[in-house]
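Have a look at the structure below before the remarks.
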Amino acid sequence: MDKPPPPAAPPLTRLQHWHKTRRMTALLLTLWMLTGFCAAFFARELAGLSVFGWPLSFYLAAQGASLVYLGIIAFYAWRMRRLDRAAATPQEPSA
């Protein structure tokens, strides 16, 4: 037996959409700030560890932080697309 598709959720109001967007943006900006701050703040402690002859702090600053930033951008784009679709109202065909 095939199950009927679940009923579509009602579209988000502008206020709900704006609230969710601001909350997500604040969380992602906090993650961005912590990533940049921690890579610089703990660089001296991480310099004692080496990977292939280079200090670990070099790898975190050059590669790790960049990958986190790329992940933040990808998550933001994916989530905003879902939020925008949830808030979209069906367009009436113009006569």
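Since every read-out is calculated from the coordinates, none of them should be taken as a lab result. Please read all numbers here as calculations on a predicted model, not as lab measurements. Because the Cβ atoms are built from the backbone with ideal geometry, glycine has one as well, and the counts that use them run over all protein chains shown.
What's the angle, to the nearest 10 degrees (0 to 90), between helix 14-41's Cα axis and the longest principal axis of the chain?
That works out to roughly 10 degrees.
Each residue of segment 48-63 in order: what ³J(HN,Hα) in whole Hz does its phi give by Karplus 6.51 cos²θ - 1.76 cosθ + 1.60, θ = phi - 60°, with x for Gly and Pro?
x, 8, 10, 10, 6, x, 9, x, 4, 4, 4, 5, 5, 6, 7, 10
Before anything else, pin down the relative contact order of segment 14-87: Cα pairs under 8 Å, at least 6 apart, normalised by residue count, whole percent.
RCO, segment 14-87: 38 percent.
Hey, can you grab everything whose amide H is under 5 Å from the amide H of S50? Only 5+ residues off in sequence or another chain; H modelled, so Pro and N-termini drop out.
Amide H neighbours of S50, under 5 Å, 5+ apart: L56.
Just M33, M24, M80 to compare: in a GNM of the chain, with alpha carbon springs under 10 Å, which one fluctuates most?
In the Gaussian network model the winner is M33.
Taking only Cα atoms, what is the 0 to 90° angle, nearest 10, from helix 65-87's long axis to the longest principal axis of the chain?
Here the helix axis deviates by roughly 10 degrees.
With springs only between Cα atoms under 10 Å, which of F52, F75, F42 fluctuates most in a Gaussian network model of the chain?
Per the Cα network of the chain with a 10 Å cutoff, F52 tops the list.
Using a Förster distance of 35 angstrom, determine the FRET efficiency expected from the C-beta separation of E45 and Q16, and round it to 0.05.
So, using R0 = 35 Å, E works out to roughly 0.20.
Name the residue, out of G71, G48, G36, whose mean-square fluctuation peaks in a Gaussian network model built on the chain with Cα pairs under 10 Å.
Judging by the Gaussian network model, the answer is G48.
Scan (1) 13.5; (2) 17.4; (3) 16.9 for the value of Kirkwood radius over Cα pairs in Å calculated from this model and give just the label.
Looking at Kirkwood radius over Cα pairs in Å for this model, the match is (3).
Multiply the residue gap between A62 and F75 by 0.36 nm, knock off their C-alpha separation, and tell me the result in nm, one decimal place. Please report the intermediate quantities before stating the final value.
Values: separation 13, 0.36 × 13 = 4.68 nm, distance 2.08 nm.
That pair, A62 and F75, stretches by 2.6 nm at full extension.
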